[in-house]
Amino acid sequence: MKMNIVCIPGDGIGPEIVAQARAVLDSVADIYGHEITYQDVLMGGASIDVHGIPLTDEAIADARAADAVLMGSIGGDTTKSPWYQLPPDKRPEAGLLKIRKALNLFANLRPAVLYEELADACPLCSEVRQGGFDMLIMRELTGGLYFGERKTYTENGMRHAVDTLTYSEEEIRRIAIKGFEIARKRRKKVTSVDKANVLDSSRLWRAVVNEVAGEYPDVTLSHMLVDNCAMQLVRDPAQFDVILTENMFGDILSDEASMVTGSIGMLASASLNDTKFGLYEPSHGSAPDIAGQDIANPIATILSASMMLRYSFDLDKEADAVDRAVKAVLQEGWRTADIMSEGCRRAGCSEMGRLIAEHIRQQ
């Protein structure tokens, strides 16, 4: 297979971690007979430095023409960088919002995996974390409360604020289809999370999800209220496979789920549109304080590349090889500084990438 991938190294540690993800992808291509073409594109602070804006129209066009986008991290030190003296719409993070809108990236995927080798980093009690867990939160990314009409006004001397939560049937249907399709690649279980006991938008959400479920008889569907889901994530996270939910609930629950893993440097993510196209990036930030020191953890970006293989190219076998290689390196005791523990062997960013790439070649 020929793969045309746009790379957005970004800022801070972004170039370092993207380089290691590319090295892993190159190993996959060599072993499985694929051909990868990369094109580097500027976004965030790197684009501001060259073009004066965080994302150009030309960069968007390049991304749109690709099969997928692999991104590092965007932004810098908000207290020191001159980028943050600019108006909000000219700052690095504005580029990320712009590309999501331009490419219609409405489905956000955030895996939360607790590896047995890193169980001690999990803040949950030993009984709960025993055996680890592997869930994926699918969050609707372009609708709901964050994108509804809003206003602030004064009436009779009293200030009021209004935010509108609106979803159309089509917005719900397309994210539900993505959720069920991806569940088929996992353990075939979807938990749809809403607040249907209170909100009309949630009642429509539940009704449409039920309709979509009829097209996927091999996938088990259950419904859960969002407050109960928040509790269950810390009580028994292993019960979840795919959590399907709307924008605001997904924002909150995905952050909760990421923290119970205890290792933000391990957390991948993807944002998909209604085709196979996706933007893949680590969930962590740009860590400007350690940039250029070869100590960053590239695993989240490498796992994001694995998601790219799985969801944009349907290369499940190759994605499994990457996932196995990551696990094998952890089992051998290799750790970057952020996940280091007693008795383990320390690896820098480039060394960790090399070790994972070598394991792929050895499988």
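The values are calculated or read from the model by the stated rules, or taken from the named source; none is laboratory data. On a predicted model such as this, the values are computed, not experimentally measured, just so you know. Cβ atoms come from the backbone with ideal geometry, glycine included; neighbour counts cover every protein chain shown. These area figures cover heavy atoms from the full protein model, side chains too; ligands, DNA and RNA do not enter into them. Shrake-Rupley method; radii C 1.70, N 1.55, O 1.52, S 1.80 Å.
Points worth noting:
- Residues (open to solvent by 20 Å² or more (accessible area, probe 1.4 Å), within 17 Å of Glu170 (Cβ to Cβ) and hydrophobic (A, V, I, L, M, F, W, C)) located in the stretch 189-212: Leu204, Ala207
- None of Arg139, Arg150, Arg129 is under 23 Å from Val209 (Cβ atoms) and either modelled with pLDDT of 95 or more or open to solvent by 30 Å² or more (accessible area, probe 1.4 Å) (or both) except Arg139.
- Residues in the stretch 340-356 that are closer than 15 Å to Thr301 by Cα and either open to solvent by 10 Å² or more (accessible area, probe 1.4 Å) or without any contact (Cβ under 8 Å) to a residue 60 or more places away in the chain (or both): Gly348, Ser350, Glu351, Arg354, Leu355.
- Among the residues listed as Phe240, Phe249, the single one being aromatic (Phe, Trp, Tyr) and either within 25 Å of Thr164 (Cβ to Cβ) or open to solvent by 60 Å² or more (accessible area, probe 1.4 Å) (or both): Phe249
- Listed by position, the strands (runs of 3 or more DSSP E) contained in the stretch 1-110 that have at least 1 residues being in contact with a Gly (Cβ under 6 Å, 6 or more places away or on another chain) and either at pLDDT 95 or above or more than 25 Å from Leu141 (Cβ to Cβ) (or both) are 2-10, 68-73.
- Considering the stretch 248-285, the residues that are small (Gly, Ala, Ser) and within 21 Å of Met340 (Cβ to Cβ) include one that is modelled with the highest pLDDT, namely Ala268.
- The residue list Ser283, Ser304 contains one member that is over 18 Å from Asp67 (Cβ atoms) and either touching a residue at least 24 places away in the same chain (Cβ under 8 Å) or buried (at least 24 other Cβ atoms within 10 Å of the Cβ) (or both), which is Ser283.
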